[in-house]
Amino acid sequence: MSVIELESVSKRYETGGEVVDALDCVDFAAARGEMVTVIGPSGSGKSTMLNMIGLLDTPTDGRVRLDRQDVTDCTADELTEQRRSTIGFVFQDFHLLPMLSATENVELPSMWDTSVDRRERAETLLRRVGLGDRLEHTPDELSGGQRQRVAIARSLINEPDILLADEPTGNLDQETGRTILEELTRLKTDEDVAIVSVTHDEQMLEYADRVVRIVDGVIE
Amino acid sequence: MRVSSLFRRVPSVLMAWRNLGRSRVRTALATLGIVIGVVAIASLGMAGAALQQQATADLEGIANEVQITVGEDNDAGGIEPEDVDDIRSLSTGAEVVPEQSNHTTLASRDGQEMPVSVTGVTEANVLYDGADGELPDRLRSGALLTDETADQLGLEPGDPIEFDGQLYRLEGLIETEQGFRFVNNELVLPPEALSSQTAYDTVTVVADDGDEAQQIASAINERFNEPDDEQLRVESFADTQDELDSFMTTLNLALLGIGSISLIVASVAILNVMLMSTIERRGEIGVLRAVGIRRGEVLRTILIEALLIGVLGGLLGALCSLAVGLLIFRLLVGDAMAVFGWASLQYLVYGFAFAVVASVLSGLYPAWKAANDRPVDALRG
């Protein structure tokens with residue numbers, strides 16, 4: 001069963017008096033326990049599509065459904081709540097906060113929710129990604145691969161249904177990239193999440209359950 | 001770590017504190033701006049308070065006096081004994097001291113001459129302070145002289161003084177006073193010494209306090225004067241006190257106004273610092289928003305950063321101002337410890353409050369801007 005669905009989603013931008021179709025009538029769906037990799041040349045609309053799935057941007061046309069619930073017309077604040085509870089993000093350049101420790105970075109999405117103490121879960125997640133001895137280290141004390149593991153642990157803190165990864169291996173060497181991909185593959189079944197990733201990395205295709213190719217805003 | 005675990009309960013404070021720690025030099029400079037602003041406001045305010053305190057101290061002791069002299073429409077050329085009786089009946093509970101005055105020249109043993117004003121009064125102890133010890137209750141046959149005059153002429157208590165062909169023994173010395181009430185080069189004799197003058201030149205009424213003095217002054221005014229006919233000139237020093245107070249209030253406001261300009265400059269610096277820092281952290285704030293941190297939570301965090309700068313700068317500024325205040329009071333009032341009174345310490349509170357309010361106001365726009373940036377735009381950096 002699909003946890004996220006895009007139905008005839010289009011996104012048009014107007015730049016310099018010219019209308020650009022970043023996405024043109026895209027249909028897409030992903031289910032829990034599945035890793036879908038989106039590939040395509042630069043400017044093909046991959047990132048725009050990921051922004052739609054991640055509820056960071058709203059479509060010009062079409063519907064977005066999260067767990068069968070139509071979220072297309074939600075307000076900015078409602079979308080924030082949905083992201084907090086349902087979606088985890090992993091970025092190409094990790095985007096960890098430099099002044100927080102690894103554990104605090106993992107806790108970040110739930111930090112303001114003082115009713116639950118997520119510290120234990122954060123530590124468990126860090127141990128699971130092999131960083132049990134780096135709990136109090138700050139990002140500048142960690143290697144690139146370790147930072148991305150922290151980011152992956154962070155994306156899982158709120159027990160999301162979907163994990164979105166934007167070029168997760170883009171800033172890592174091939175070997176480290178491979179370990180990250182293995183980690184993600186393990187997590188998709190352990191945590192029962194749908195993983196949607198956007199990549200240029202050929203080796204990522206080996207780990208994907210499904211590959212979606214997008215060119216000029218259209219899925220081929 | 002312990003501080004962190006305390007902060008965990010208030011995540012916005014934790015984040016704000018860590019963010020400020022990231023660029024210490026910038027935070028320190030913004031704080032310094034606030035410290036300077038607070039010191040400017042508080043020390044100018046305290047300087048005003050010190051001036052006021054000094055002026056009030058100068059006036060103290062005569063604010064309860066009413067001085068009556070001959071009015072401009074008075075043909076008699078003096079205050080008649082009947083008028084003095086009338087004044088007495090209007091001044092129940094207060095002391096009424098009529099004085100006669102004249103001029104003469106006193107000579108020292110070595111021939112040095114000095115002009116002095118002569119006052120004929122019985123209750124000299126009401127009007128004057130003794131230079132060393134109490135003055136006699138009633139002046140019957142002796143004379144009193146201001147201490148500086150006596151010093152210059154080489155006269156000492158017990159020495160004879162001649163006036164109008166009569167000899168008087170110097171009974172005591174009067175303290176020479178500067179300031180609002182000027183007592184200098186004055187010879188005080190019993191009224192009989194000036195018996196050739198029947199009328200009095202000055203009548204001083206000494207009441208219990210300034211309010212009573214003012215009531216007596218208006219009663220005497222009503223009794224003797226018409227709007228276009230001034231028989232007696234009635235002056236109450238309580239008026240002077242009021243005028244001084246109102247002048248001091250204006251002066252203080254002007255000083256505070258000047259001080260606040262520097263704090264406004266400091267808050268513009270904070271605005272700049274906060275704006276720069278949120279622009280630099282745009283991508284980071286985008287991540288916060290992407291992972292589900294609410295707009296209000298981002299807004300609060302940035303406002304708390306500004307608040308912390310304000311509180312830190314305000315506290316340091318208040319401490320520095322206290323040191324400046326001690327110095328000001330030492331120099332203007334002569335007693336550094338006199339700064340520990342609400343009249344002057346209130347400016348530390350104002351300075352601190354102004355710092356906090358100005359900082360938070362400066363943080364509003366950057367915080368609002370950062371919180372309302374669309375995460376998809378912010379993530380692009």
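Conditions tested, residue by residue: (1) more than 22 Å from B:Val298 (Cα to Cα); (2) surrounded by fewer than 19 Cβ atoms within 10 Å (Cβ to Cβ); (3) more than 11 Å from chain B (Cβ to nearest Cβ); (4) among the polar types (S, T, N, Q).
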residue: A:Ser110; (1), (2), (3), (4): no, no, no, yes
residue: A:Arg119; (1), (2), (3), (4): no, yes, no, no
residue: A:Pro139; (1), (2), (3), (4): no, no, yes, no
residue: A:Ser143; (1), (2), (3), (4): yes, yes, yes, yes
residue: A:Leu164; (1), (2), (3), (4): yes, no, no, no
Checklist line | Scope the range B:59-81; condition surrounded by 16 or more Cβ atoms within 10 Å (Cβ to Cβ) and either free of Cβ contacts under 8 Å to residues at least 24 places away in the same chain or among the acidic types (Asp, Glu) (or both); matching residues | finding: B:Glu65
Margin query: For the range A:36-45, check the following and say yes or no: at least one residue is in a strand (DSSP E or B), of a type in the set (A, V, I, L, M, F, W, C) and surrounded by fewer than 23 Cβ atoms within 10 Å (Cβ to Cβ).
Written below: yes
Next item on the list: Hey, can you tell me all the residues within the range A:80-97 that are facing another protein chain (nearest Cβ under 8 Å), surrounded by fewer than 20 Cβ atoms within 10 Å (Cβ to Cβ) and in contact with an Asp or Glu (Cβ under 6 Å, 6 or more places away or on another chain)?
Entry: none
Next item on the list: Out of the residues in the range B:82-129 that are more than 35 Å from the chain's Cα centre (by Cα) and either within 20 Å of B:Asn221 (Cβ to Cβ) or not assigned by TED's automatic domain parsing to the domain that holds B:Gly165 (or both), state the one that is surrounded by the fewest Cβ atoms within 10 Å (Cβ to Cβ).
Entry: B:Glu82
Notebook entry, point to check: Just checking, which of B:Gly341, B:Gly292 is modelled with pLDDT under 95 and farther than 30 Å from A:Phe94 by Cβ?
Noted result: B:Gly341
Next item on the list: Mind listing whichever residues of the range A:49-61 are surrounded by 18 or more Cβ atoms within 10 Å (Cβ to Cβ) and either aliphatic (A, V, I, L, M) or over 18 Å from A:Pro168 (Cβ atoms) (or both)?
Entry: A:Met49, A:Leu50, A:Met52, A:Ile53, A:Leu55, A:Leu56, A:Asp57, A:Thr58, A:Pro59
Check: Which residue pairs have Cβ atoms closer than 7 Å, lie 6 or more positions apart in sequence or on different chains, and pair a first residue in the range B:161-184 that is modelled with pLDDT of 85 or more with a second residue that is among the small types (Gly, Ala, Ser) and exposed (fewer than 12 other Cβ atoms within 10 Å of the Cβ)?
Finding: B:Arg169/B:Gly158; B:Leu170/B:Gly158
Next item on the list: All but one of (1) in contact with a helix residue (DSSP H, G or I) (Cβ under 9 Å, 6 or more places away or on another chain); (2) touching a residue at least 40 places away in the same chain (Cβ under 8 Å); (3) in a helix (DSSP H, G or I) hold for A:Ala165, so report the exception by its number.
Entry: (3)
Check: Which helices (runs of 4 or more DSSP H) does the range B:1-94 wholly contain that include 1 or more residues that are at pLDDT below 85?
Finding: B:2-7, B:24-59
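Quick one: which residue in A:Thr185, A:Thr199, A:Thr179 is crowded, with 22+ Cβ neighbours inside 10 Å and in contact (Cβ under 8 Å) with a residue 12 or more places away in the chain?
Working: A:Thr185 fails: crowded, with 22+ Cβ neighbours inside 10 Å; A:Thr179 fails: crowded, with 22+ Cβ neighbours inside 10 Å.
Only one candidate passes the filter, namely A:Thr199.
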Check: Within the group B:Ile270, B:Ile304, which residue is β-branched (Val, Ile, Thr) and at pLDDT 90 or above?
Finding: B:Ile304
Next item on the list: All but one of (1) assigned to a loop (DSSP other than H, G, I, E, B); (2) out of contact with any Ser or Thr (no Cβ under 9 Å at 6 or more places or on another chain); (3) within 14 Å of another protein chain (Cβ to nearest Cβ); (4) touching a residue at least 40 places away in the same chain (Cβ under 8 Å) hold for A:Pro59, so report the exception by its number.
Entry: (2)
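Quick one: which of B:Gly313, B:Gly317 is surrounded by 18 or more Cβ atoms within 10 Å (Cβ to Cβ), closer than 30 Å to B:Ile293 by Cβ and away from every other protein chain (no Cβ under 14 Å)? It would help to see each step written out before you state the result.
On the way: B:Gly317 fails: closer than 30 Å to B:Ile293 by Cβ.
The conditions single out B:Gly313.
Against the definition (at the interface with chain B (Cβ under 9 Å from one of its Cβ atoms), touching a residue at least 24 places away in the same chain (Cβ under 8 Å) and under 20 Å from the mean Cα position of the chain (by Cα)), how does A:Leu125 come out, yes or no?
Numbers: at the interface with chain B (Cβ under 9 Å from one of its Cβ atoms): no; touching a residue at least 24 places away in the same chain (Cβ under 8 Å): yes; under 20 Å from the mean Cα position of the chain (by Cα): yes.
Judged against the criteria, A:Leu125 is not a match.
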Next item on the list: Give just the number: which of (1) modelled with pLDDT under 80; (2) closer than 17 Å to B:Thr69 by Cβ does B:Gly111 not satisfy?
Entry: (2)
Next item on the list: Could you check B:Ile293 against (1) outside any helix (DSSP H, G or I); (2) away from every other protein chain (no Cβ under 14 Å); (3) without any contact (Cβ under 8 Å) to a residue 12 or more places away in the chain and say which number it fails?
Entry: (2)
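Scan the range A:62-72 residue by residue and report those that are surrounded by 14 or more Cβ atoms within 10 Å (Cβ to Cβ) and either part of a strand (DSSP E or B) or in contact with a Gly (Cβ under 6 Å, 6 or more places away or on another chain) (or both).
So in the range A:62-72, the residues surrounded by 14 or more Cβ atoms within 10 Å (Cβ to Cβ) come out as A:62-67, A:71-72.
Answer for the range A:62-72, where residues must be surrounded by 14 or more Cβ atoms within 10 Å (Cβ to Cβ) and either part of a strand (DSSP E or B) or in contact with a Gly (Cβ under 6 Å, 6 or more places away or on another chain) (or both): A:Gly62, A:Arg63, A:Val64, A:Arg65, A:Leu66.
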Notebook entry, point to check: Is it true that A:Thr75 is more than 26 Å from A:Arg213 (Cβ to Cβ), among the hydroxyl-bearing types (Ser, Thr, Tyr), crowded, with 16+ Cβ neighbours inside 10 Å and more than 19 Å from the chain's Cα centre (by Cα)?
Noted result: no
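Residue check: is A:Leu50 at the interface with chain B (Cβ under 8 Å from one of its Cβ atoms), among the aliphatic types (A, V, I, L, M) and touching a residue at least 12 places away in the same chain (Cβ under 8 Å)? Write out each step before concluding.
Numbers: at the interface with chain B (Cβ under 8 Å from one of its Cβ atoms): no; among the aliphatic types (A, V, I, L, M): yes; touching a residue at least 12 places away in the same chain (Cβ under 8 Å): yes.
So A:Leu50 does not fit the description; no.
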Next item on the list: Kindly indicate the residue of the range A:24-35 that is at negative phi and more than 18 Å from the chain's Cα centre (by Cα) and also surrounded by the fewest Cβ atoms within 10 Å (Cβ to Cβ) among those meeting that condition.
Entry: A:Asp27
Check: Is one or more of the residues making up the range A:123-134 surrounded by 22 or more Cβ atoms within 10 Å (Cβ to Cβ) and more than 21 Å from A:Gly177 (Cα to Cα)?
Finding: no
Next item on the list: Return the only residue of A:Glu78, A:Glu123, A:Glu104, A:Glu136 being part of a helix (DSSP H, G or I), touching a Ser or Thr at 6+ places or on another chain (Cβ under 7 Å) and modelled with pLDDT of 90 or more.
Entry: A:Glu123
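The values are calculated or read from the model by the stated rules, or taken from the named source; none is laboratory data. What you are looking at is a predicted structure, and each value in this text was computed from that prediction instead of being measured. We place every Cβ from the backbone using ideal geometry, glycine too, and count neighbours over all the protein chains shown.
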